[in-house]
Amino acid sequence: MPSSRILPEFDLLLPESVAEAVKMLKKHKAKATVMAGGTDVIVSATQGFCTPCVISLAKIKGLDSVKYSKSGGLKIGAMATLQTVADNADVKKHYPALHKSAAINGTPQTRNSGTVVGNVMRASPSGDCACALLALGAKVVFEGPKGKREVSLDDFFIDYKKTDRKPDELAVEIKVPVPKKGQVSAFNRMNRTTLDLSKLNAAVCLIVERGVCKSARIAMGAVAPKTVRLVDSENLLKGQKINASVLEAISASVGSQIDPITDVRSTAEYRKEVSPVLVRRTIEEAVA
Amino acid sequence: MTTSVVGKRIPKVDSMDKALGTAEYAGDIRMKGMLYGKIIRSLEYAHARVKSIDFKEAEKVPGVVKCLGPDDVTQNGYNTTIMKLLVPEAFNEVFGEISEMYVFNKHVKHQGDAVCGIIAENEEIAERAAEKVKIKYEPLPVYLTAEQSKQPDAVQFTPLKPGNLAGEFDPSFFPGKAYGWPDPETDKWGDDLEPECDVVVSDEFYLNKVKQCQMENNCAVALYDTRGRLNCWSSTQMPKPVQVLLADLFDLPLSRMRYITTIVGGAFGARLGMVCEPHACAMAMAVPGRPVKVEMTREEDWIASETRFPGDYKMKMGFKKDGTPVFVDAHFTGYKGGYYTHGNGPIFCAAAFVHGMYKWQTMRMKGDSYFTNQSPVGAFRGYGNPQTSFVQEQLIDVACEKLGLDSVEWRKKWHKTIGDETWLKGVTYASDDLNGCIDIAAEQFKWYQKKKKYAKQKGPKRRGIGMAVMNHTSGAWPMLLEHTVCTAKLNEDCTIELMQSVSDLGTGGHTAIVQMAADTLGWPLEDIHLKTGDSDVNGFDIGAHASRTVYCGGPATIEACESVKKQLLERASQLLEARVEDLEMDSKKIISVKGNPSKSIDARQIAKQGVYNFFDAASGKQIGIPGQIQGYSSFLANHCSPPMGATFSEVEVDVETGEVKLIELVNAHDIGKAIHPPSVEGQLEGGAQQGLGQVLTEDMLYDEEGHCLNSDFTDYKMLGPSDMPKAKIILVETAPDPIGPMGAKSCGESALMGPIGSVANAIADATGLRFVEAPITPERILRKIKENGITYE
Amino acid sequence: MDKQPITLTINGREYNILVAGHHTLLQVMRDQLDLTEVKYGCGRGECGACSVLVDDENEPSGRKVVDSCLILAATMDGRKITTSRGLGESGKPNVVQQAFVDESGIQCGFCTPGMVVKSTALLERNPKATEDEIRFGLEGNICRCTGYVKIVDSVKKAQKAINKKKK
């Protein structure tokens, strides 16, 4: 029976390089769970969910960097913690949505251990960084037996905790494109208390030129089995001045694109009712 | 000259150990040869009969010492709570106290009920072995409300309680099964007086099932030693009564039962009796000579220890148009959970604290509870009063609005005071400055200025203000036994060993007791050592409940220390050849004749000579007066000096999302005398967090099969440091109690009621809507706004 | 499932031990090394009773606060760890611990070892933290006794003393 004090027995493997990790994944495939910070994997283990083998990335050097360049954009290594990303000045300046989603996630302790890449790999529909990164158009970079593979987050989230990752692939990095001219972004979430998993979250990334929105990406979490984009709402924004009537139209469009459930955190009715408010406020925040 | 420590903001006597981390709790105990005991609980079924238990495979696991089923341990039934010891036996029958729990149960009555146990060399082995135990269950229908379990065809939880009626006000003692009295002038009850009322308000409320969530998880260590004594270490609130319960459970005389209290890592009522002590002791009896530790996990806490009383609470009130309160009629039906435990207590107290608050001409409240397949309900700080606050304080506001009266002024005019009856008929208030509390809190909160300021608001964020008053008790006399024993042993160097069972749950009880001892003697704090928490040494004491530690324990301390002082002065009077009345003792322990300091004697000399009493051959006499001095008190309280208090709260409601932000809270408490002010403030501050949690975010949720959905901190939400409002506590000492030790009344439980009632009222003020279901979540707020079609400008 | 040899330096003392791969750092510290000041509160990184400081070269103070219940001991080979007993010199209280005692920021004390570790890290990271930042920084350490009021007062008192010293 699951215990929060005694974890199930598993084989802990500590590869010292990406290549070694990939070899282990090739061997064990779905019988292995990759562990970066451990905050998700260990919690799952206390609930009885664990594979016979856990591959920890703790000994692999060079996976914890956060690098930004004007040409390459942002690169977040698999072991870069939420706090490292939250502290990064370039992230704060160029990707406010990602900054906030990392800075207010969990506790100082879990931010010091947990990773942004791990948050995305977990693919919980209420994942905060996952939501911000989807709005920002990020990509995951995998290393596998057949080499490197990049997947856009648009294609990465498939269903409830189901992703495009192959069992023998290791996520080594998340890339976020260089912000376009006029790019603004924002992230918001709703929860029961300050420290809480999100009952609802929303992120927007807009390209605004002279008050007109040239393009938009709107992402929401906890309203479907996976993090989703509200494409209809995005299209309503395209080419429009962001004013009260446009925002009203966007609010009205949200409901038909989401299918929230009732769970221990909130109700389907509430999530449906409040999602338009959250999206509207997030857009207002982005352009403020 | 004496230096006083009572009333001073000194560091607590036990803080440094805790700050360093050297303080040891039950889970930190390490003993030679200690084994680990795992309780196997029914996790899949909330209601079932156990058909068979197969230990075969589990026994094969290396390191497993013993497996125990229901028939392998004591067959005596028990009740986790000590209540039956605190009332005469005749009353036990009136209250219908039963002991229908067993160490291991064949009729599973809630998810988490204990079924069997494994003793192993360590916890991991016990866990792995537990997975191999095969248990066959016969599932039974699951009941989650009183309505469901009272149905005539429902499975009976125990033959001792037909109809699954766990508790009610017995008509032999409570006519009409109600607590209350008719109008003394007319002999009429509420329904007869209702037609004469100008305003009548009523509603049906629902109170949530909330959990104490003390930070120290439940743990007990037990050893049946080679002298045939059963020893148990744990952090109960009630050490001496638990010693008795355990002795009874295992058919031992008290001389062979030793109970040692470890540092209590929070309790709030969850430990008002036993939790896993019976299991640890049963396992220890099975492996004589080896200590067994049973340590519960956090997730076991919600499903295998007791919670607050949830339930349906109806109330109706009638008033004259000038505001005169005429009648209150109420009924609380609680959902009892799987076992009897505190079947009647909190329901009775909910009624009692209605009785203690306002000057109704007649009051009548019925109470009952029905078994349900959920964690058993027990004691949680406030014990029925928080439920009453949520209901009564809201209805008062509704009434005042209908009457067109200021709700603050109404409360000031109509609350009970000195000479009026308290929560218990026949006991009248001894002291009162509730109006002082209301005035100072209103002023510091800026109640009237805010009322004006928020009269007209715009936009989605709406501010609301609300207030509430409360009454509680200091100890439970005369309803329950109040008895504390203290022995103050004077060491030969004139320092004190204070031997008294004092339950400090983090409340500061140890510090307050030592302060009172020091001040009684007029000696430095460092000269007093409190020896507590060992049934071999300590005399009787109830423990910590009903907010009694200072009020009922303090007088025993004071009396015992006064006796020491008296004996010293009497010996000094002999040695100085002076009258006792003419003597005084200073903080340096010099006893001298008043006005003649040269005629003096050192109390240390008296103390030393009392012990080291030699025969002087030359004079043919003993040198000094023989006998070690000891002070003793067996104190029984004769009052309960109920304290009152007032709380003002401000909230901000986002009417587009229903979210509530706590802005400010001011709580003024009529403490009488704060023995250790930071501890009193600490109680009121901490209790506010619990009361606010009850009214806003906390709730134990179950699925249809009786599985608790949020038995973890991830989904059982308590307010964190960022969620708390700006909180100010005012200790009002303008009305020292004539009975309480050094003027003190209680504060431990008082803290929750004001925040609950005042925040419920503040939310009503902000939204214009009343919420009768706790917790008042954003989902409930938004739904009501939408249902009522309200738009805010 | 062989045990792995690791070296941990805890409060300045080196421990060379064998640990099982699936054992958490909390479990190893409490059950193997008897460092019972690190408490089990929830086992899932919610309550912070198990908080310790671990070395981190990216932090200005060289260390950061983590939940030991969410770390596998075997991943900590060669690391330096500080518990509440190692915050001050030779078992004495550090400024933060002394402030908690002075301000009565301690009631039952169970959350305290984790709370003083967290508060120390908080002030090392952000000596000029505002009250809001202190409150946000304390999230992840649950106290059920104090309502956080005197805990925040204690942190502020320690902050004053630390900033005074720097001058």
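Counting the residues of segment B:29-39 that are surrounded by 19 or more Cβ atoms within 10 Å (Cβ to Cβ), more than 27 Å from the chain's Cα centre (by Cα) and within 11 Å of another protein chain (Cβ to nearest Cβ) gives 2.
Checking each residue in segment B:754-789 for being within 14 Å of chain A (Cβ to nearest Cβ) and either among the β-branched types (Val, Ile, Thr) or closer than 25 Å to residue B:441 by Cα (or both) picks out B:776, B:777, B:781, B:785.
Could you tell me whether any residue of segment A:190-197 is modelled with pLDDT of 95 or more and touching a helix residue (DSSP H, G or I) at 6+ places or on another chain (Cβ under 6 Å)? Within segment A:190-197, not a single residue is modelled with pLDDT of 95 or more and touching a helix residue (DSSP H, G or I) at 6+ places or on another chain (Cβ under 6 Å). Within the group B:700, B:724, B:742, which residue is surrounded by fewer than 23 Cβ atoms within 10 Å (Cβ to Cβ), touching a Lys or Arg at 6+ places or on another chain (Cβ under 9 Å) and in a helix (DSSP H, G or I)? Selected residue: B:742, the only one of B:700, B:724, B:742 that is surrounded by fewer than 23 Cβ atoms within 10 Å (Cβ to Cβ), touching a Lys or Arg at 6+ places or on another chain (Cβ under 9 Å) and in a helix (DSSP H, G or I). In segment C:112-139, the residues that are closer than 25 Å to residue B:717 by Cβ and within 12 Å of chain B (Cβ to nearest Cβ) form Cβ pairs under 7 Å with partners that are acidic (Asp, Glu) and assigned to a loop (DSSP other than H, G, I, E, B), at six or more places apart or across chains, as follows: C:113/C:37.
Residues in segment C:61-111 that are at the interface with another protein chain (Cβ under 7 Å from one of its Cβ atoms), farther than 24 Å from residue C:19 by Cβ and of a type in the set (D, E, K, R): C:102 only.
Residues are listed down the side, and each one gets a yes or a no for (1) surrounded by 20 or more Cβ atoms within 10 Å (Cβ to Cβ); (2) assigned by TED's automatic domain parsing to the domain that holds residue C:18; (3) more than 23 Å from residue B:265 (Cβ to Cβ); (4) not hydroxyl-bearing (Ser, Thr, Tyr):
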{"position": "C:56", "(1), (2), (3), (4)": "no, yes, yes, yes"}
{"position": "C:68", "(1), (2), (3), (4)": "yes, yes, no, no"}
{"position": "C:96", "(1), (2), (3), (4)": "yes, no, no, yes"}
{"position": "C:107", "(1), (2), (3), (4)": "yes, no, no, yes"}
{"position": "C:110", "(1), (2), (3), (4)": "yes, no, no, yes"}
{"position": "C:121", "(1), (2), (3), (4)": "yes, no, no, yes"}
{"position": "C:128", "(1), (2), (3), (4)": "no, no, yes, yes"}
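If you check residue B:31 against the conditions, is it without any contact (Cβ under 8 Å) to a residue 60 or more places away in the chain, within 30 Å of residue C:87 (Cα to Cα) and aliphatic (A, V, I, L, M)? Spelling it out, it is not the case that residue B:31 is without any contact (Cβ under 8 Å) to a residue 60 or more places away in the chain, within 30 Å of residue C:87 (Cα to Cα) and aliphatic (A, V, I, L, M). Among the residues of segment A:246-263, are any surrounded by fewer than 17 Cβ atoms within 10 Å (Cβ to Cβ), at the interface with chain B (Cβ under 10 Å from one of its Cβ atoms) and modelled with pLDDT of 95 or more? Yes, because at least one residue in segment A:246-263 is surrounded by fewer than 17 Cβ atoms within 10 Å (Cβ to Cβ), at the interface with chain B (Cβ under 10 Å from one of its Cβ atoms) and modelled with pLDDT of 95 or more. Exactly one residue out of A:280, A:271 is within 29 Å of residue B:703 (Cα to Cα) and either surrounded by 23 or more Cβ atoms within 10 Å (Cβ to Cβ) or not assigned by TED's automatic domain parsing to the domain that holds residue A:131 (or both), and it is A:271.
Residue check: is residue A:199 among the charged types (D, E, K, R) and either within 30 Å of residue C:140 (Cβ to Cβ) or touching a Gly at 6+ places or on another chain (Cβ under 8 Å) (or both)? Yes. Kindly provide the set of residues from segment B:583-601 that are closer than 19 Å to residue B:488 by Cα and more than 43 Å from the chain's Cα centre (by Cα), ordered by number. If the condition is that a residue be closer than 19 Å to residue B:488 by Cα and more than 43 Å from the chain's Cα centre (by Cα), then no residue fits. So, of the residues in segment B:692-748 that are among the hydroxyl-bearing types (Ser, Thr, Tyr) and within 9 Å of chain C (Cβ to nearest Cβ), which turns out to be farthest from residue B:300 (Cα to Cα)? So, considering only residues that are among the hydroxyl-bearing types (Ser, Thr, Tyr) and within 9 Å of chain C (Cβ to nearest Cβ), the one farthest from residue B:300 (Cα to Cα) is B:722.
Taking segment B:321-343, which residues are polar (S, T, N, Q), surrounded by fewer than 24 Cβ atoms within 10 Å (Cβ to Cβ) and either assigned to a helix (DSSP H, G or I) or in contact with a strand residue (DSSP E or B) (Cβ under 7 Å, 6 or more places away or on another chain) (or both)?
Within segment B:321-343, B:333 is the sole residue that qualifies.
The residues of segment B:1-17 that are facing another protein chain (nearest Cβ under 7 Å) and without any contact (Cβ under 8 Å) to a residue 60 or more places away in the chain, listed by number, are B:11, B:15, B:16.
To keep it simple, each residue is scored yes or no on (1) more than 14 Å from every other protein chain (Cβ to nearest Cβ); (2) within 30 Å of residue B:142 (Cα to Cα); (3) at pLDDT below 95.
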residue: B:27; (1), (2), (3): no, no, no
residue: B:41; (1), (2), (3): no, yes, no
residue: B:60; (1), (2), (3): yes, no, no
residue: B:70; (1), (2), (3): yes, yes, no
residue: B:84; (1), (2), (3): yes, yes, yes
residue: B:92; (1), (2), (3): yes, yes, yes
residue: B:95; (1), (2), (3): yes, yes, yes
residue: B:129; (1), (2), (3): no, yes, no
residue: B:132; (1), (2), (3): no, yes, no
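Of the helices (runs of 4 or more DSSP H) that lie entirely inside segment B:375-486, those containing 3 or more residues that are buried (at least 23 other Cβ atoms within 10 Å of the Cβ) span B:385-403, B:434-445.
Any residue at all in segment C:33-46 that's aromatic (Phe, Trp, Tyr) and more than 14 Å from chain A (Cβ to nearest Cβ)? Checked segment C:33-46: no residue is aromatic (Phe, Trp, Tyr) and more than 14 Å from chain A (Cβ to nearest Cβ). In this structure, does residue A:45 turn out to be without any contact (Cβ under 8 Å) to a residue 60 or more places away in the chain, surrounded by 18 or more Cβ atoms within 10 Å (Cβ to Cβ) and closer than 22 Å to residue C:56 by Cβ? No: the conditions fail for residue A:45.
Of all residues in segment B:537-566, those that are free of Cβ contacts under 8 Å to residues at least 60 places away in the same chain and farther than 20 Å from residue B:627 by Cα have Cβ atoms under 7 Å from Cβ atoms of residues that are charged (D, E, K, R) and surrounded by fewer than 24 Cβ atoms within 10 Å (Cβ to Cβ), 6 or more apart or on another chain, in B:537/B:531. When segment A:266-282 is filtered for residues that are at the interface with chain B (Cβ under 9 Å from one of its Cβ atoms) and of a type in the set (Gly, Ala, Ser), only A:266 remains. Scanning segment B:257-269 for residues that are buried (at least 24 other Cβ atoms within 10 Å of the Cβ) and either in contact with a helix residue (DSSP H, G or I) (Cβ under 8 Å, 6 or more places away or on another chain) or closer than 24 Å to residue B:16 by Cα (or both) yields a total of 7. Only a single criterion out of (1) without any contact (Cβ under 8 Å) to a residue 60 or more places away in the chain; (2) over 16 Å from residue B:200 (Cβ atoms); (3) surrounded by fewer than 24 Cβ atoms within 10 Å (Cβ to Cβ) is not satisfied by residue B:358, namely (2).
The values are calculated or read from the model by the stated rules, or taken from the named source; none is laboratory data. What you are looking at is a predicted structure, and each value in this text was computed from that prediction instead of being measured. Ideal geometry is used to build each Cβ from the backbone, glycine not excepted, and the neighbour counts take in all protein chains shown.
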